[in-house]
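Here's the structure we're looking at; comments come further down.
What follows draws every value from the coordinates through simple rules; no lab data is involved. Fair warning: this is a prediction, and the values are worked out from it, not measured in the lab. Because the Cβ atoms are built from the backbone with ideal geometry, glycine has one as well, and the counts that use them run over all protein chains shown.
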Amino acid sequence: MNKKDKIIQQFLAHDLLITKYKLKKNQLPNSLKAAKDSEVPIIKAIALMVDALESGQVVTDVTLRTLINNYLNEAAI
Amino acid sequence: MIIEKVILENYLCYYGKKIIELSNGLNIILGENGEGKTKFYEAIEWLFQGNNQNLAVLVSKKAIHEHQVGEEFKVSVSVAFKLGSEKYIISKSFLNKKLKDGSIEPYNYSVEGIEESSNGERSQVDGKVLLDQIFPVQIRRYSMFKGESELDIFNNDDALINLINHFSDAKYFDKYAIRSTYLREQSDRAVESSVKLDKKNIQVYKGLEEEISALERKRHGLVTLTNLNEAEIQRLEQSIQEASKYVQNASDLEIYNKRIKKLEDEIARLMSLIDEGYTTKLFDENWINIYFEQYLSEYSKKVSLLSSKRRKEQSDYDTEIGIRLGEKKAKADLLNNAIPLPINVPSKLHMEEMLKDEICKVCNRDAKKGSEAYEFMYSRLKEYIDSQLTTDPSDEMQAQSLFHFDYTSKLVQLSSSHEDNLKTVRNVKEEMRDLFEFNDQRKNEILDLQQKLEAEIENRNNILGNSKLAADKLSDVLLNYTSWQNELKSCNTDHLNNINQLKNLDSELKSKKEEKNKIDLKSAKSFLLKTRDILTDIAKIFHDTKELKFEEFIQGLEKKANIFFKKINVNSFTGKIVITRKQYGNKNALTINLYEDDKPFFTPNQALETSKHIAVLFAISEIASEAHEELYPMIFDAPISSFGENKAGEFLNLIYETQNQKILLIKDFIINDKKTDKLTVKKEFDKVKRHKAFMISLKRPFDSESLKTIDSQFISL
């Protein structure tokens with residue numbers, strides 16, 4: 001398991017996903033790739049952030065915001 | 001990673017080249033004070049952290065002395081490391097030239113690094129870079145400790161942050177927390193901007209924003225205040241707990257002190273009443289005359305008798321004088337009471353002439369020899385001639401008194417005077433009796449009070465005997481204790497108020513936010529709201545995860561620390577190490593306390609305190625090793641001074657079991673024979689498990705007043 005997978009697993013273990021978003025444990029992806037493929041906006045948004053911040057490249061606030069907001073705004077429609 | 005070898009050359013008390021080869025386990029270096037133990041530690045410290053300032057003070061005085069003017073020599077500290085199959089040497093050195101005045105000029109300071117690959121190939125690299133690469137500074141920070149006080153690494157605010165940053169997973173989540181907060185704030189603004197497009201909302205919305213902002217500022221301030229108050233409560237509880245073991249004593253002591261003071265005052269008052277100036281009173285107040293009356297009485301009788309006798313004698317004498325005077329007067333009467341002529345009239349010559357001529361030439365009549373007239377003249381002349389030879393006894397008696405000195409009268413007067421004074425003398429006996437009775441009564445009272453005082457002092461001594469503090473300090477403790485109790489009461493009240501205020505603020509904030517949210521929901525674009533909701537949740541997930549990692553790290557540290565702590569203090573009371581995290585504003589801080597039955601135990605002895613710090617350090621070392629997947633050496637100079645040899649032995653046996661390399665410099669287990677000035681190692685040291693042991697000692701003989709003769713050496717044991 002690589003570092004990105006470990007990190008996303010830490011985030012996806014949060015209770016909020018189960019209590020508020022009504023996700024079941026087996027619905028939670030166990031890798032970054034699986035999370036990026038998720039149709040659950042919050043999971044995919046988290047995955048996009050982990051992917052960006054662990055890319056090893058400099059990601060500015062604006063770039064990250066554009067990436068996440070574009071996805072979420074579109075996903076929300 | 002291990003330190004294989006340390007090479008010192010002309011560094012302070014190490015003259016020439018001195019090499020110590022260490023094991024990869026526990027290395028114990030014994031050394032008496034002043035033999036070079038700490039200088040060895042400082043040499044390594046200089047290599048790792050030192051700079052090129054004040055190089056001259058690092059030079060061995062013996063080396064300076066042994067070299068000729070103009071000669072050059074090197075001072076260096078080198079450490080050979082082994083990391084896996086790779087070997088590295090890091091050296092810090094400088095050259096010195098001896099000048100004419102006997103001083104030296106240091107130059108050519110350098111830090112060199114040598115890498116040696118597994119096939120033995122060597123290459124020279126930057127020593128500083130190499131050091132940071134193989135022994136990172138954040139690891140070194142938790143690897144070297146001098147003395148017991150340095151073991152408490154959490155005594156500064158940045159310690160926790162450094163620790164977390166270097167060894168905790170929490171650091172990975174920092175950037176997520178920061179970025180997600182930014183995104184949430186931006187989404188908030190997007191929603192707000194959307195809402196503000198509807199002009200009828202602007203006024204209400206702005207008002208709500210301002211209120212929320214003000215409430216949040218207030219809340220932030222209150223949270224900081226609450227945390228500070230909590231810290232103050234903890235400090236006071238600690239102080240009170242420390243004082244509590246004395247305070248019952250202190251309270252009792254205060255009572256005993258008051259009682260003792262009262263008794264002492266009363267004794268002092270009674271003693272001041274006692275008048276035992278008996279010698280003074282003997283003379284100044286006539287006490288010596290206590291039996292004077294009976295002597296005076298006897299004296300008076302004698303004087304009276306004497307006086308009576310004297311008067312009688314005087315009377316007899318006076319009578320005789322009287323008789324003589326009477327006779328004289330009778331003779332005068334015979335001359336018809338005429339006043340007789342002076343005895344020398346007629347003169348002697350005329351009288352002799354008249355007797356020769358047998359004529360009384362006074363009355364011009366014959367006075368024949370044998371006649372009455374002749375005889376009268378003849379007796380008259382004889383009377384005159386006799387008067388020239390003797391005096392009249394009656395005149396003589398009259399001229400001199402019977403007693404030349406009036407002693408008797410004086411004695412009578414003295415007697416009379418003493419009689420007058422008898423009244424005061426008669427009181428002496430009574431005065432003496434009264435005074436002796438008074439003094440005796442006071443003495444009895446004092447004796448009684450002194451017995452009570454002794455009992456009170458004994459009770460106080462029992463209190464002091466049960467206390468580690470001196471009496472005056474116990475009184476201070478009581479004063480502080482009372483004031484701390486009052487402060488604690490006030491702090492607890494403040495704390496309750498703060499908590500209530502926080503609840504009210506939270507409720508108010510929630511209400512305002514809901515109010516604002518209603519407007520958002522009515523007016524903002526729905527997709528913006530959904531995006532904001534998700535970003536708010538992501539921010540929460542990221543923050544919570546970071547906090548969770550933080551907590552996990554602390555729990556892990558606490559768990560590991562307690563395992564070491566129990567091992568160090570096997571079979572003795574330890575309590576439990578509890579690491580608590582506190583937040584002051586944006587700052588985190590850790591407090592490490594010992595708990596006993598879920599309550600802080602603030603007053604451990606020094607050995608327990610030291611073992612607590614060492615346990616935490618070992619735990620950190622283990623965490624560091626896990627984080628970097630490498631074991632690092634730990635070097636301690638005199639870390640267990642308070643332990644005592646038995647506990648030191650147990651401690652060293654525990655260290656022996658730990659994995660990473662440890663170099664301990666201690667002064668235990670050495671016997672210094674004062675007569676022979678010979679250092680030997682105690683037999684007890686044989687029982688101490690170790691991988692290698694050395695003794696640092698100065699080469700004998702040396703002049704304790706001349707550094708030129710000082711040369712420390714490593715002796716392998």
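First measure r as the distance between the Cβ atoms of B:Lys540 and B:Phe438, then evaluate 1/(1 + (r/R0)^6) with R0 = 60 Å and state the FRET efficiency to the nearest 0.05. Step by step, r from the Cβ atoms, then E = 0.10.
Each residue, B:Lys258 and B:Gln501, gets one label point 7 Å from its Cα in the Cβ direction; the gap between the two is 3.8 nm.
Applying 1/(1 + (r/R0)^6) with r as the Cβ-Cβ distance of B:Asp126 and B:Lys678 and R0 = 35 angstrom yields a FRET efficiency of 0.15. The angle between the Cα long axis of helix B:372-389 and the main principal axis of chain B comes to about 20°, on a 0 to 90 degree scale.
Over 29 Å between Cα atoms, which of B:Lys146/B:Lys682; A:Lys36/B:Lys525; B:Lys612/B:Lys689; B:Lys262/B:Lys599; B:Lys62/B:Lys689 qualify? Beyond 29 Å: B:Lys262/B:Lys599; B:Lys62/B:Lys689.
With only the Cα atoms considered, the protein assembly as shown has a convex hull volume of 489 Å³ per residue. Straightening the chain between B:Leu479 and B:Lys206 buys 92.8 nm, computed as 0.36 nm per residue apart minus the Cα-Cα spacing. Over the residues of chain A, the helix contribution to mean residue ellipticity at 222 nm works out to -18000 deg cm²/dmol, using -39500 (n - 2.57) for each DSSP H run of at least 4. The slack between B:Gln138 and B:Thr424, meaning 0.36 nm per residue of separation minus the straight C-alpha distance, is 92.9 nm. For peptide B:526-536, the mean count of partner chain Cβ atoms within 10 Å of a residue's Cβ comes to 5. Sum -39500 (n - 2.57) across every DSSP H segment of at least 4 residues in chain B, then divide by the residue count to get the 222 nm mean residue ellipticity, nearest 500. Helices in chain B give a 222 nm mean residue ellipticity of -20500 deg cm²/dmol.
What is the helix-to-structure angle for B:348-357, meaning the angle in degrees between its Cα long axis and the longest Cα principal axis of chain B, kept from 0 to 90 and rounded to the nearest 10? Between helix and principal axis, roughly 10 degrees. Axis of helix B:158-167 versus longest Cα principal axis of chain B: the two differ by about 30°, to the nearest ten degrees. So, R0 is 35 Å and r is the distance between the beta-carbons of B:Thr319 and B:Phe376; what FRET efficiency does that work out to, to 0.05? The value I calculate is 0.60. Between B:Ala214 and B:Glu431, the modelled label-to-label distance comes to 9.1 nm, taking each label 7 Å out from Cα in the direction of the beta carbon. Which aspartates and glutamates have a Cα less than 17 Å from the Cα of B:Lys516, not counting those fewer than 8 places away in the same chain? The reachable aspartates and glutamates, counting only those whose Cα sits under 17 Å from B:Lys516, are B:Glu185, B:Asp188, B:Glu192, B:Asp198, B:Glu209, B:Glu210, B:Glu211, B:Glu216, B:Asp506, B:Glu508, B:Asp533.
Length gained on full extension, B:Leu83 to B:Arg311, computed as 0.36 nm times the residue gap minus the Cα-Cα distance: 68.2 nm.
Taking 27 Å as the limit for the C-alpha separation, the pairs B:Lys667/B:Lys708; B:Lys510/B:Lys546; B:Lys5/B:Lys647; B:Lys175/B:Lys662; B:Lys74/B:Lys708; B:Lys667/B:Lys687 exceed it in the case of B:Lys5/B:Lys647; B:Lys175/B:Lys662. By the gyration tensor of its Cα atoms, with a ≥ b ≥ c the square roots of the eigenvalues, what is the shape of the stretch A:3-75: rounded for a/c under 1.5, prolate for a/b over b/c, or oblate? In terms of gyration-tensor shape, oblate.
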